[in-house]
Amino acid sequence: MNSIILLSVLGLGNLFLGFLRSNRLLLPAAMLMLALVFGINLIDWNEGAQPFFNDMLVIDNFSVAFTGVVVLTTFLLLPFSQKYVRDGQANLAEYYSLLLFSLVGAVMMVAYNHLLMLFVGIETLSIAMYVLAGSDKRNLRSNEAALKYFLMGSFTTGILLFGIALVYGATGTFQLSQISFAVQNPINDSLQPMLYIGMLLMLVGMGFKVSAAPFHFWTPDVYEGTPTFFAAFMSTVVKAAGFAAFLKLMVQVFPAASAQGVWLPTLTAMCALTLLIGNVGAVAQTSVKRMLAYSSVSHAGYLLIGLVAFNGQLEGASANGIFFYSLAYSVATVAAFGVLKLVADQRQREDYNGLNGLAKTNPLLAFVMTVAMLSLAGIPLTGGFFGKFFIFSAAVENGYIGLVVFAVVMSMVSIYYYLRPIIAMYMRNTDVTTDEPIHVTSFQSAALFLLALLTMVLGVLPGLLSGIL
């Protein structure tokens with residue numbers, strides 16, 4: 001709860017900093033605010049479940065852990081907004097405040113105990129992202145991305161809300177524990193079809209928020225048109241919060257329905273389709289940014305395996321696997337988007353050729369990008385390897401061996417498109433337009449080094465965080 005209050009107050013305070021007309025103050029101020037929120041959030045660790053707003057919001061270890069992931073991810077992402085500072089971006093204060101307000105929605109999504117609080121959290125997060133997707137107003141691709149995201153997001157929000165309404169109609173409550181009891185002990189069998197349809201509609205709405213197939217079609221176009229800095233936020237923070245909310249819905253609300261074969265088959269099919277479309281789609285891309293968009297879809301598939309294999313509690317192997325995977329994926333993705341943004345800002349290219357010869361001109365950028373690609377591919381000694389290992393282990397323990405074999409095959413496919421940037425950076429020569437070193441500030445270099453270090457630490461010492469839930 002302290003995190004929500006702080007983020008809201010600091011977001012408003014950051015807007016007033018914009019009146020100073022000095023962008024140089026905004027970046028350190030925003031990072032200081034996030035560091036403060038991260039520290040305050042940790043105070044609630046092991047304090048037990050703390051209910052707020054008539055038990056609509058519950059702060060426990062689960063919510064503290066995922067709040068830490070989204071806040072840390074945003075903190076590590078902010079250094080790559082320095083170009084906005086240097087260029088004197090007039091709306092920088094508003095951008096940072098929108099990020100802080102969107103984090104309020106993310107915290108609500110990981111701490112909700114009431115379906116209406118889930119809806120409020122999703123909308124708080126989504127509305128800020130609709131604005132940020134179209135923040136480059138002079139770019140037609142950014143305008144198109146914002147329009148697509150807004151229209152499709154609004155439509156699926158309506159589907160999610162209709163699903164919540166049907167679940168309420170069948171159970172008579174929005175409270176998670178009471179819905180779970182009503183699902184396991186139905187009073188009127190005639191209301192069961194309404195409940196199942198509501199569950200399916202909620203599955204569609206949540207699937208859109210986490211870019212799961214077949215509700216992923218917006219992802220490549222929106223990521224490509226959205227400014228790279230905000231696309232990175234969308235790919236990490238939104239996905240981590242979305243899966244935390246999805247996990248709560250799966251574990252606390254519909255475990256009985258899963259056992260009855262209502263929810264689980266649909267989720268399993270969605271998982272396999274997401275893995276297939278995400279990995280095969282990424283192979284065909286020539287733009288690194290679109291490749292990362294399809295990569296985001298594929299990683300939603302791996303995280304869905306954790307949902308399929310859940311063991312009925314928020315402190316089990318699946319929850320720990322999803323937490324560790326979300327952290328490892330977020331760190332590696334921020335690193336990849338950070339390098340891509342620095343390259344695109346100077347070379348004005350987002351395709352693989354824009355990375356040609358980067359190892360010669362900027363060894364640090366090439367090294368960080370390599371570590372990020374290897375982690376996303378799940379190569380040993382990186383956080384991504386153990387993220388997949390924990391997810392796959394939980395699935396095998398629960399008997400989903402076929403799904404894990406399919407996921408391993410898709411992981412092998414992913415190696416192809418994750419190696420393409422590495423080949424471009426180390427094995428191809430620069431051309432006339434890409435032979436100058438990329439300008440990287442010492443602040444950004446430190447952030448890149450920290451991201452690479454975190455990725456490798458998670459791969460060498462996974463036990464530090466693998467079982468904290």
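The values are calculated or read from the model by the stated rules, or taken from the named source; none is laboratory data. What you see is a predicted model; the values in this text were computed from it and never measured. A quick note on method: Cβ atoms are made from the backbone with ideal geometry, for glycine too, and the neighbour counts reach across all protein chains shown.
Taking the options T370, T361, name whichever one is farther than 13 Å from K289 by Cα and in contact with a Pro (Cβ under 7 Å, 6 or more places away or on another chain).
Values: T370 fails: in contact with a Pro (Cβ under 7 Å, 6 or more places away or on another chain).
Matching residue, one of T370, T361: T361.
Residues in the range 373-388: is at least one of a type outside the set (G, A, S), at pLDDT 95 or above and out of contact with any helix residue (DSSP H, G or I) (no Cβ under 8 Å at 6 or more places or on another chain)? The answer is no, given that none of the residues of the range 373-388 is of a type outside the set (G, A, S), at pLDDT 95 or above and out of contact with any helix residue (DSSP H, G or I) (no Cβ under 8 Å at 6 or more places or on another chain).
Looking across the range 128-146, the residues that are more than 20 Å from the chain's Cα centre (by Cα) and either among the β-branched types (V, I, T) or more than 21 Å from F101 (Cβ to Cβ) (or both) come down to R138, N139, L140, R141, N143, E144.
For the range 342-372, taking the residues that are over 17 Å from E436 (Cβ atoms) and assigned to a helix (DSSP H, G or I), the one that is modelled with the lowest pLDDT is identified as Y352.
May I ask you to verify whether A394 is modelled with pLDDT of 95 or more, crowded, with 17+ Cβ neighbours inside 10 Å, among the hydrophobic types (A, V, I, L, M, F, W, C) and assigned to a helix (DSSP H, G or I)? So A394 does not fit the description; no.
I'd like to know if the range 38-46 contains one or more residues that are within 22 Å of the chain's Cα centre (by Cα) and closer than 24 Å to L92 by Cβ. Scanning the range 38-46 turns up at least one residue that is within 22 Å of the chain's Cα centre (by Cα) and closer than 24 Å to L92 by Cβ.
For the range 210-220, the tally of residues that are surrounded by fewer than 24 Cβ atoms within 10 Å (Cβ to Cβ) and touching a Phe, Trp or Tyr at 6+ places or on another chain (Cβ under 9 Å) stands at 3. Based on this model, can you work out whether V308 counts as of a type in the set (V, I, T) and touching a Gly at 6+ places or on another chain (Cβ under 7 Å)? The answer is no for V308. Of the residues that sit in the range 346-381 and are β-branched (V, I, T) and within 26 Å of S81 (Cα to Cα), which one is surrounded by the fewest Cβ atoms within 10 Å (Cβ to Cβ)? By that ranking, first place goes to T361.
Here V405 meets the list (1) assigned to a helix (DSSP H, G or I); (2) hydrophobic (A, V, I, L, M, F, W, C); (3) at pLDDT below 95 almost entirely, failing just condition (3). Across the range 173-203, what is the total count of residues that are touching a residue at least 12 places away in the same chain (Cβ under 8 Å), part of a helix (DSSP H, G or I) and not hydroxyl-bearing (S, T, Y)? Number satisfying all stated conditions: 16. Of the residues making up the range 97-115, one or more are part of a loop (DSSP other than H, G, I, E, B) and closer than 24 Å to V251 by Cα.
Within the range 46-80, the residues that satisfy the criterion of being surrounded by fewer than 23 Cβ atoms within 10 Å (Cβ to Cβ), polar (S, T, N, Q) and either within 21 Å of A240 (Cβ to Cβ) or in contact (Cβ under 8 Å) with a residue 24 or more places away in the chain (or both) are Q50, N61. For the range 86-111, give me each residue that is touching a strand residue (DSSP E or B) at 6+ places or on another chain (Cβ under 8 Å) and under 20 Å from T156 (Cα atoms). Across the range 86-111, the qualifying residue is only M108. Of everything listed in (1) modelled with pLDDT under 90; (2) under 29 Å from M1 (Cα atoms), the single unmet condition for G121 is (1). Note on the range 140-163: residues that are modelled with pLDDT of 90 or more and among the charged types (D, E, K, R) amount to 2.
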